[in-house]
Amino acid sequence: MLRQKPQPNHPGQARKEGDNQMEEYTPQSQDEKNQQIKRWFQDNLRIIVSIIIVVAIAGGIYSYSNRGTSDTATDSGSDQTAQDQNAATDTSNTDAKPASTSTSTTKVSTASSSQETESSFVETAGKGDGLTTLARQAAANYLEKNADSALTKEHKIYVEDYLRKNVTHSGGVHIGTSVEFSKDLIQKAISQSKNLNDKQLKNLQKYSARVSTL
């Protein structure tokens, strides 16, 4: 009995079988890719959402910044226009009616002065004068009209210090400050000075030596 030789596969048949194999593997590969993509999205969902939020916030900030810059430029232009208009108005007003350039000033004298009333001497401070200086001037003005040869320089130092401590005056002394010394107060100071003993007068010598106008 003769055996039949196996016939080789026809090329078309081989190609058909290969196609069947590709058809068998292609759907499985696609599913795996879909599963991988899905898994990647699930694993990175939070990161993706965070990135989207950051981009949205950055876009909003950028948009707001540009709008603020535009508004500022508009406001600056409006302010400049208003300033130009005001300047033009001021110029026109100046041309129509020139402003007076003359100014009046009150000059304050820096020199001291004295004024006698019926019952007192009013001393006005000049530059560098203090309350002691004004008291000295009041005593000198009084003694000029009521001379007393018994008074020494030490007595006069006592008199001006007495006046300084007992005159009614509040606040400091500045240029133009006026202080009123009553004649009764000056006379009382002179009387008190005459009650000083020799020790007290000698103690006043260190002060009288510093004043050359007594």
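Each value in this text was obtained by applying a stated rule to the coordinates, not by laboratory testing. These figures come from a predicted structure and were not determined experimentally. Every residue, glycine as well, gets a Cβ built from its backbone with ideal geometry; the counts of neighbours run over all protein chains shown.
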**OP:** Give me a count of the residues in segment 173-214 that are of a type in the set (Gly, Ala, Ser) and farther than 19 Å from TYR142 by Cβ.
**Re:** 3
Original post:
Listed residues GLN115, GLN137; which is surrounded by 18 or more Cβ atoms within 10 Å (Cβ to Cβ) and either of a type outside the set (A, V, I, L, M) or not in a helix (DSSP H, G or I) (or both)?
Top reply: GLN137
Original post:
If you take the residues in segment 140-161 that are buried (at least 23 other Cβ atoms within 10 Å of the Cβ) and β-branched (Val, Ile, Thr), which one is nearest to LYS194 (Cα to Cα)?
Top reply: VAL159
**OP:** Within segment 167-214, track down each residue that is closer than 25 Å to SER119 by Cβ, surrounded by 12 or more Cβ atoms within 10 Å (Cβ to Cβ) and of a type in the set (Val, Ile, Thr).
**Re:** VAL167, VAL173, THR177, VAL179, ILE186, ILE190
Original post:
Any idea which of SER212, SER170, SER149, SER191 is farther than 23 Å from LYS127 by Cβ and part of a loop (DSSP other than H, G, I, E, B)?
Top reply: SER149
